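The values are calculated or read from the model by the stated rules, or taken from the named source; none is laboratory data. The structure presented is a predicted model; accordingly, all values stated were derived computationally and were not measured. Positions of Cβ are backbone-derived with ideal geometry, glycine not excepted, and every protein chain shown enters the neighbour counts. The protein model used for the area step is the full one, side chains on, heavy atoms only, and it has no ligands, DNA or RNA in it. Shrake-Rupley method; radii C 1.70, N 1.55, O 1.52, S 1.80 Å.
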Amino acid sequence: MIGEMDADSVVGYFRGKSILITGSTGFLGKVLVEKILRVQPDVKKLYLLIRAPDAESAKLRIQTEIIGREIFHVLKEKHGVQFNNFIEEKICPLVGDIIYENFGLDNVQLEELSKDIDVIVNGAATTNFFERF
Ligand SMILES: NC(=O)c1ccc[n+]([C@@H]2O[C@H](COP(=O)([O-])OP(=O)(O)OC[C@H]3O[C@@H](n4cnc5c(N)ncnc54)[C@H](OP(=O)(O)O)[C@@H]3O)[C@@H](O)[C@H]2O)c1
């Protein structure tokens, strides 16, 4: 069926690819991260842009607001004791904020990213209806 073939080719495309994702702590973002890691465990890397004061807090946010959520139970069961290694290998936290030029990333990070990234998924947004325009 055409629908299935399309889904397979998308999954196949992500093999060995690196993806920069913004908004990964959000409602849709964490679903995206889980889905990619589940359907294409051979994805190369997911770079997650996280608002945080430093790398350690970014890691903590990823742990508590993404990986630690119930939606990741299926992946945890699948990988068992290897789960943390799998996450460590695939997820690369980036401290940044989309309001800044180059997301506030430094030149070394930019250089590395520009060589490695194949796809960018921008899910970062203010979804508060009471925000100033
Ligand atoms: N949910 C829906 O049904 C729906 C439907 C249609 C379209 N959309 C669109 O899909 C996108 C994601 O929606 P969502 O429901 O997942 O939103 P959400 O739960 O409010 O998540 C927003 C994400 O954006 C991040 N973010 C906000 N400002 C940022 C900044 N300046 N720099 C970096 N990251 C920033 C937030 O990070 P923090 O955790 O740091 O705040 C969070 O991860 C939005 O563009 C929304 O308009 C959503």
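Points worth noting:
- Residues listed by number, segment 91-119, amide nitrogen under 16 Å from Glu65 label point at 7 Å toward C-beta: 92-100
- Cα centroid of segment 87-105 to Cα centroid of segment 1-75, whole Å: 13 Å
- Among Pro53, Pro41, Pro93: highest mean-square fluctuation, GNM of the chain, C-alpha pairs under 10 Å: Pro53
- Scattering from the chain was approximated by placing one identical point on each alpha carbon and applying the Debye formula without solvent; log10 I(q)/I(0) at 0.21 1/Å stands at -1.36.
- Rounded to 5, the percent of DSSP beta bridges in segment 16-97 classed as antiparallel: 0 percent
- 1.4 Å probe accessible area per residue over the chain, in Å²: 67 Å²
- Only helices enter this figure: runs of n ≥ 4 DSSP H residues, each worth -39500 (n - 2.57), summed and divided by the residues of the chain, yield -12500 deg cm²/dmol at 222 nm to the nearest 500.
- Prolate/oblate/rounded call for segment 12-55, Cα gyration tensor, a/c under 1.5 rounded: oblate
- Other residues whose C-beta falls under 13 angstrom from the C-beta of Cys92 contribute a net charge of 0, scoring Lys and Arg +1 and Asp and Glu -1.
- Carbon/sulfur fraction of accessible area - segment 5-71, other protein chains in place, 1.4 Å, %: 59 percent
- Solvent exposure ordering (accessible area, 1.4 Å, most first) of Phe14, Phe130: Phe130, Phe14
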